[in-house]
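First up is the structure itself, then whatever we jot down about it.
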Amino acid sequence: MITIKADTTLVGVSELRNNIDKIIKATRYNNVILEKRHKPVLAIMSMVKYEKLQELIEELEDRELGYVAQKRMQKTKLSEYISLDEAEKRVGLKK
């Protein structure tokens, strides 16, 4: 296990089995990159960091969808919109 920057640790695949507890502890403070034959193959992170990353991704996706919706609203005439009932009928949710 080698720390290459203040917040990044490289771990060889062969070290994983013998040092799993040490590697898990390292994820609390560092980004851990698993290498195989000196090539990065996997990033390991704490669940806290993973959950924060997932929240950030969801927020960015929501913003992107909002942006797309605004652009479509600007390009679409109000008369081209259909009601929820009509949309449900068209996709077979209502008869």
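The values are calculated or read from the model by the stated rules, or taken from the named source; none is laboratory data. The structure displayed is predicted, hence computed values, not measured ones. Backbone-built Cβ (ideal geometry, glycine too); neighbour counts: all protein chains shown.
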Across (1) surrounded by 12 or more Cβ atoms within 10 Å (Cβ to Cβ); (2) at pLDDT 90 or above; (3) touching a helix residue (DSSP H, G or I) at 6+ places or on another chain (Cβ under 9 Å), Met1 clears everything bar (2)
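Considering each of Ile57, Ile82, Ile33 in turn, give the residue that is in contact with a Pro (Cβ under 6 Å, 6 or more places away or on another chain) and at pLDDT 90 or above.
After ruling out the rest, the residue left standing is Ile33.
Search the range 4-25 for residues being hydrophobic (A, V, I, L, M, F, W, C) and touching a helix residue (DSSP H, G or I) at 6+ places or on another chain (Cβ under 7 Å), and hand back the single one that is modelled with the lowest pLDDT.
Restricting to residues being hydrophobic (A, V, I, L, M, F, W, C) and touching a helix residue (DSSP H, G or I) at 6+ places or on another chain (Cβ under 7 Å), the top hit is Leu16.
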